[in-house]
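Encoded as structure tokens, the structure appears first; notes follow it.
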Amino acid sequence: MRDQAIQLREKMTRKKTKPGTRNTRVLAVTSGKGGVGKSNFTLNFALALIEQGKSVLIIDVDLGFANIDILFGHVPQQTIAGMLDKELSIQEVIEKGPLGLQLIAGGQGFSGLLEISADKMKHFMEQLGSLQGQVDFVLLDTGAGLSENNMRFLLAADEVLLVTTPEPTSVTDAYSVVKVMHAKDSDLAIRLVVNQCTDGKEGQQTAMNFTKVAGNFLDKDIRTLGILPSDLHVPQAVKMQQPFLLAHPNSAASKALRTLTAEYLEMPSPFKIGLRGFVMKLFFK
Ligand SMILES: Nc1ncnc2c1ncn2[C@@H]1O[C@H](COP(=O)(O)OP(=O)(O)O)[C@@H](O)[C@H]1O
Ligand SMILES: [Mg+2]
């Protein structure tokens with residue numbers, strides 16, 4: 001098993017991205033507390049990126065509450081679990097969503113990711129690695145909190161988007177995630193999204209306090225990615241099983257998300273290792 005792993009790592013390292021092909025950035029969306037809006041953010045941010053000319057694949061790796069597919073009324077035919085068990089290619093498990101969004105449902109496939117056999121690991125790495133350069137962004141909708149699986153995804157990503165609401169419980173739990181991630185990798189790029197804000201002032205205040213505390217106590221530079229309002233169009237769209245960006249394109253939440261996305265694309269890229277690096281880091285740290 002160990003020898004096979006080492007051989008695989010060497011093989012993956014040799015495969016450099018060809019000049020001219022695009023990089024694939026891996027962003028992990030996470031939170032301390034559940035129910036803050038991660039999945040809605042992931043789905044609608046993905047769609048806003050597509051509207052702005054990017055191609056996006058979402059991988060739903062929330063083990064307990066994988067539900068991105070429900071948010072756009074889609075029943076996935078295949079999951080990562082199926083890919084590993086039936087030796088399917090990644091193309092066979094990619095589902096198509098609105099605007100050409102691509103989605104891979106995690107299912108239970110990721111629950112034992114750290115314990116899968118060497119053969120399955122090889123298949124997983126080759127399949128996921130084959131998407132390098134095929135899409136601009138891979139967004140991982142992770143679970144909340146600090147499970148070992150979750151930490152692996154966060155630490156292997158190019159960038160972590162940390163979602164919180166202004167509620168003190170959500171903020172405190174988000175801070176715990178930062179503390180643990182920072183202890184394991186002080187260079188990890190983390191950006192903060194404050195969701196469900198009553199108004200801009202509340203969002204700004206929450207973001208300012210958070211980034212200040214992280215700066216003062218951890219010497220960690222966390223940038224704010226954006227502030228999103230609390231908007232009844234979001235739960236309305238959830239009930240219709242449609243992404244709010246498409247169901248209510250002129251709502252306050254949609255407008256704020258489009259602005260956030262445009263600003264995100266203007267920011268310098270913290271691109272580190274891309275998809276193939278992500279796949280390797282996931283298993284070999
Ligand atoms: N900006 C928002 N305004 C109002 N409600 C929101 C907003 N974002 C999310 N919600 C609501 O919060 C709930 C949880 O959202 P979800 O995306 O499933 O969270 P998570 O993935 O973090 O568990 C949903 O019922 C959704 O309608
Ligand atoms: Mg979720």
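Some notes on this structure:
- Counted over all Cα-Cα pairs of the chain, pairs farther apart than 32 Å make up 21 percent.
- Of all the options Arg223, Arg191, Arg22, the one that moves most in a Gaussian network model of the chain with Cα springs shorter than 10 angstrom is Arg22.
- With helices as the sole contributors, the chain gives -14000 deg cm²/dmol at 222 nm; each DSSP H run of n ≥ 4 counts as -39500 (n - 2.57), and the sum is divided by every residue.
- A cut-off under 13 angstrom between Cβ atoms defines the neighbours of Val93, and their net charge, with Lys, Arg +1 and Asp, Glu -1, is -4.
- Judged by the ratio a/c of the largest to the smallest principal axis of the C-alpha gyration tensor, region 158-259 counts as prolate, that ratio being 1.5 or greater while a/b is larger than b/c.
- Selected from Phe41, Phe72, Phe217 as most flexible by GNM, with the chain as the system and alpha-carbon contacts under 10 Å: Phe217
- All other residues whose Cβ lies under 15 angstrom from that of Asp173 are scored, Lys and Arg at +1 and Asp and Glu at -1, for a net of +2.
- Sparsely packed loop sites in region 47-109 (the GluC sites (Glu not before Pro) outside DSSP H, G, I, E and B with at most 14 other Cβ atoms within 10 Å) comprise Glu87.
- Electrostatic dipole magnitude of region 234-285 [Cβ: Lys, Arg +1; Asp, Glu -1; Cα centre; debye, to 20]: 280
- Note on the chain: with charges restricted to the Cβ of Lys and Arg (+1) and Asp and Glu (-1), its dipole about the Cα centre is near 740 debye.
- In this simple spin-label model, placing a label point 7 Å from the Cα along the Cα-to-Cβ direction at both Val213 and Ala262 gives a separation of 3.3 nm.
- 1.4 Å probe accessible area per residue over the chain, in Å²: 45
- Filter on Lys38/Lys179; Lys38/Lys201; Lys33/Lys122; Lys54/Lys220; Lys201/Lys255 - keep pairs with C-alpha separation over 23 Å: Lys33/Lys122; Lys54/Lys220
- Selected from Asn40, Asn216, Asn67 as most flexible by GNM, with the chain as the system and alpha-carbon contacts under 10 Å: Asn216
- Of the solvent-accessible surface of the chain, computed with a 1.4 Å probe and all protein chains present, 51% belongs to carbon and sulfur.
- Label-point separation in nm, Ala183 to Glu167, each point 7 Å along Cα→Cβ: 2.6
- Residues of region 221-247 with amide N under 20 Å of a point placed 7 Å along Cα→Cβ from Gln205: 224-231
The values are calculated or read from the model by the stated rules, or taken from the named source; none is laboratory data. Since this is a predicted model, take the numbers as computed values, not measurements. Every residue, glycine as well, gets a Cβ built from its backbone with ideal geometry; the counts of neighbours run over all protein chains shown. To get the accessible areas, we keep the full protein, side chains included, count just its heavy atoms, and leave off ligands, DNA and RNA. Shrake-Rupley method; radii C 1.70, N 1.55, O 1.52, S 1.80 Å.
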